[in-house]
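One structure below.
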Amino acid sequence: MLYAKDERNNKIKPYKGRIAKCPYCHEKVIAVCGEINIHHWRHDRSADCDPWKEHETEWHREWKQEFPEGWRESIILKNGEKHIADVHTDRGVVLELQNSSISTSTIRIRENFYDKMIWLVNADYFKDNFMIRSEVTSRLRKLKYNYEYQINDISDYDDRLEERREDIRKVGQKIESLQRKLEWEQDKLDKFQKFKENFEERFEIYINSGCYLSEIWDFESEIIPKLKNIKTEIEETESEILFQGKKVDKINGFSSVAISGYESYRYVGFNEISANFYNLCKVVKKDTINSFFPEVSDLKSELEFSRRAYSQNQYLLIADLTENLSYINNTLSDLQQKSDSLKGELVLKHQQLKSELLNWLANEILIQEDKTYAVKQKIDKKLIEHQECIDDLNSENKMLEQESETLQKMLKEDCQKKEVEIKRTHKGFYTFQWKHRRKTWDFAEKPLFLDFGTHIFRVISEDRLQKLSISDFIQIIKSWQ
């Protein structure tokens, strides 16, 4: 203790060699006046003093000296019970200095006795059990995070431009489609024009390919099937002419008969003429052929023709083919006339088809020129539309950039104001958590302050502290109502 009483019951400070009595238990106390610790009084022996008084440390004594002498170690008598208050202000407030651990029941008893009181606990030996975070730092960090998030959100207006980009993509795709169509129409026009420029050559190829060429595949005419029919007829007629010509050649290839009266006959092999032509034929007995009177016999039937053929080693067959030859020649003449007529008709149809194709080409070239021009016009319009979409995108992008800059500026100003407000309203306040919770002080109902040595923490709630300088804390105690 810092004060004792002399023999006149006066309050005195300790000095070397002096003996006094305890103001509470009236037992002898001895002055302790070393060079390191604050001078103080100590009981001479174990005494039955204030049961609330813990072993007084240098920490107790240093804190008591921060207050006026009249406030230090005041004896409070209440309902027949007295105790020594570490500090008792002139406003009736007790500052209880607590260095060691204490039970919850003791906390409750002292608070009930002192009523108007404040706890100051020496936290030096358990301050490492705290995890303390500055509210200013935490809130500024959160504010910065929210600010950066909002800045990013404001700056990220890419999605808002997606509709414009989609318009550009769609118009671009339409332009590509039109350009492909233009290439198709232009290619078709070029083929028509090239065909027309080399018409005679291309027409000849067209005719020879059966009236089909890829560059004019959609040309149609009623003349074409007629042409095909004429060509077929010509081919059939030419084939028949060739066949009939071979007959003539074959007849002319037979040897003439030198028998008087049979000069129109020719020697024919039995296998070279059909039996049904028996009436045109006669047989000459071979062994009489060189006599003055060769033996010549008629054939009465096909059966007889066959019998003579069976005995052809004895007979020669002669036939009068004059009428047949005449008939064949007449047939050949008719067939040739027909062929010439068909060929003339074919030439006429070619001319008609050529004229019709020329007209069709001229018309198609005009149509293709119109189509090509129309597609070019559409492309030009789409190119203008495409540029307008790009301009709209750039314009909206610029507007959004300006809007973003304005919002960022406003947001920054608001953030700066909030920073000032946070620093102003939360300066000195901290959140805390126990690493290993000390539940005893949860039961304290009176104001609780923790001495961390260099500063004081006031416990505001179960997870909130207020940081105070030592001088501020002393001033608070002095002015506490």
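Pick out the one residue from 45, 72, 18 that is among the basic types (Lys, Arg) and at pLDDT below 75. Outline the logic, then answer.
Details: 72 fails: at pLDDT below 75; 18 fails: at pLDDT below 75.
Within the list 45, 72, 18, the selection yields 45.
So which of 132, 118, 107 is touching a helix residue (DSSP H, G or I) at 6+ places or on another chain (Cβ under 6 Å) and either touching a residue at least 60 places away in the same chain (Cβ under 8 Å) or on the phi < 0 side of the Ramachandran plot (or both)? Break it down stepwise before answering.
Working: 132 fails: touching a helix residue (DSSP H, G or I) at 6+ places or on another chain (Cβ under 6 Å); 118 fails: touching a helix residue (DSSP H, G or I) at 6+ places or on another chain (Cβ under 6 Å).
107 is the lone residue from the list that is touching a helix residue (DSSP H, G or I) at 6+ places or on another chain (Cβ under 6 Å) and either touching a residue at least 60 places away in the same chain (Cβ under 8 Å) or on the phi < 0 side of the Ramachandran plot (or both).
Determine the pairs where a residue that is within 18 Å of residue 342 (Cα to Cα), located within region 216-235, has a partner that is part of a loop (DSSP other than H, G, I, E, B) with Cβ atoms under 6 Å apart, the partner being 6 or more residues away or on another chain.
224/211
Given 161, 97, which one is touching a helix residue (DSSP H, G or I) at 6+ places or on another chain (Cβ under 8 Å) and either charged (D, E, K, R) or outside any helix (DSSP H, G or I) (or both)?
Working: 161 fails: either charged (D, E, K, R) or outside any helix (DSSP H, G or I) (or both).
Criteria check complete, one pass: 97.
Among the residues of region 295-303, is there at least one that is without any contact (Cβ under 8 Å) to a residue 40 or more places away in the chain and surrounded by 15 or more Cβ atoms within 10 Å (Cβ to Cβ)? If you could, list the steps in order and put the result at the bottom.
Step one: list which residues in region 295-303 are without any contact (Cβ under 8 Å) to a residue 40 or more places away in the chain, which gives 295-303.
Filter once more, so that each one left must be surrounded by 15 or more Cβ atoms within 10 Å (Cβ to Cβ): 296, 299.
Yes, the conditions are met somewhere in region 295-303.
Quick check on region 95-116. Is at least one of its residues at pLDDT below 90, β-branched (Val, Ile, Thr), within 23 Å of residue 436 (Cα to Cα) and touching a strand residue (DSSP E or B) at 6+ places or on another chain (Cβ under 9 Å)?
Taking every residue of region 95-116 in turn, at least one turns out to be at pLDDT below 90, β-branched (Val, Ile, Thr), within 23 Å of residue 436 (Cα to Cα) and touching a strand residue (DSSP E or B) at 6+ places or on another chain (Cβ under 9 Å).
The values are calculated or read from the model by the stated rules, or taken from the named source; none is laboratory data. Note that the coordinates shown come from a computational prediction; the quantities given were computed from them, not determined experimentally. Glycine gets a Cβ as well: all are built from the backbone with ideal geometry, and neighbour counts include every protein chain shown.
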